[in-house]
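The values are calculated or read from the model by the stated rules, or taken from the named source; none is laboratory data. Here the structure is a predicted model, which is why all the values come from computation and not from measurement. Note that each Cβ is placed from the backbone with ideal geometry, even for glycine, and that neighbours are counted across all protein chains shown. Please note that ligands, DNA and RNA were not included when accessible areas were found on the heavy atoms of the full protein model with its side chains. Shrake-Rupley method; radii C 1.70, N 1.55, O 1.52, S 1.80 Å.
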Amino acid sequence: MEIQSFGYVGVRSRTLDDWRSYGTKFLGLQLIDKSRSSLAFRMDDRKQRIIVRQDDGDGADFFGWEVKDGDALDRLAGRLESVGVLVERMPRALAEERHVRDLIMFHDPAGNRIEVFHGAAIADSPFQPGRAISGFRTGPLGMGHAVLTVERIDDVMPFYVDLLGFKLSDFALRPFKAYFFHINARHHSLALIETGKRGVHHLMMELFNLDDVGQAYDLAQGEEGRIGATLGRHTNDCMTSFYAYTPAKFMVEYGWGGREIEPAAWSPVELEHGPSLWGHDRTWLTPERRAEARDMRLKAAELGVQEPVHVMRGNHQLMRGTCPWWDEVIRAAQ
């Protein structure tokens, strides 16, 4: 399939001034453009990754997914049109605004505006973070991942899997129903959470250094109501992270240590112990679901559940690293 990575995102927000501070002083993004009605941010060598537009409502405005070239864009457009999806070729002016060569637009079954593009522009100057951080892990993995809330996952999942080519990584049925999908070596670039409502749950940004995450956590703890989920570690993508509410009411997951997979050899499984091994106490859950999630984490700890790692020493299988922080373990074993 054609889609290769998560390329950019647009946000609607009532409070541009809050976003300017949140984006630079908290997340560490680089502000590159400011007008009366919009902001634009960099996070790597791309000219632009995040666009925030002044609006009466809060939430996601659009999601940009990247393909290799014009031929891939045309193939995807043709496949969508063949099953009745309305696809619009966007004008040159919008492509220039997005800093891409060409793009198309359509909507998913939940009503989210999807833009698919190729030819993203590279900046002519190095990325300059808004605060002292090591930088964001992007490149072929894309800018991170997006997690959407939907009324029913079964109504939306076939669109992304059968038409857009996303592959299932794994899924959880408790303490909430969530399905995770990959398009490259990042464990997931998209996830769907069944909440009965349509919207964006969070965006994930991955840092090169765990200390960047810890220092941001200190900043978040200094602001009442900023933390949406405490520091913790996921069972599926190994990410050590926390969640912080944005001025647009959804969250950003700020993390380190994300897992890379081999897409061609990957087999999805159910996350029987829930989405987190420890931490990630989710303030957005109901008290009952929050208690259930806590019980699942404690049960995992009681059973000694940890991320399996397998390597070979001679003819003997030991442990093999799937998360970056196991590198030293692997080298020592070999």
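For beta carbons closer than 9 Å, sequence separation of 6+ or different chains, a first residue in the stretch 208-222 that is in contact (Cβ under 8 Å) with a residue 60 or more places away in the chain and in a loop (DSSP other than H, G, I, E, B) and a second that is open to solvent by less than 100 Å² (accessible area, probe 1.4 Å) and of a type outside the set (A, V, I, L, M, F, W, C), the qualifying pairs are 208/134; 208/135; 208/137; 209/134; 209/135.
Scanning the stretch 119-145 for residues that are of a type in the set (Gly, Ala, Ser) and within 12 Å of the chain's Cα centre (by Cα) turns up 142, 144.
Does residue 56 count as part of a strand (DSSP E or B), open to solvent by 10 Å² or more (accessible area, probe 1.4 Å) and on the phi < 0 side of the Ramachandran plot? Judged against the criteria, residue 56 is not a match.
Here is the figure for the stretch 169-191: residues that are among the aromatic types (Phe, Trp, Tyr) and open to solvent by 40 Å² or more (accessible area, probe 1.4 Å) total 1. Every listed requirement among (1) within 18 Å of residue 276 (Cα to Cα); (2) modelled with pLDDT of 95 or more; (3) in contact with a helix residue (DSSP H, G or I) (Cβ under 7 Å, 6 or more places away or on another chain); (4) not in a strand (DSSP E or B) is met by residue 244 save one, (4). The condition of being more than 30 Å from residue 161 (Cβ to Cβ), outside any helix (DSSP H, G or I), modelled with pLDDT of 95 or more and not aromatic (Phe, Trp, Tyr) holds for only one of 3, 32, that being 32.
When residue 62 is tested against the conditions (1) out of contact with any Lys or Arg (no Cβ under 6 Å at 6 or more places or on another chain); (2) in a strand (DSSP E or B); (3) not small (Gly, Ala, Ser), the lone failure is (1).
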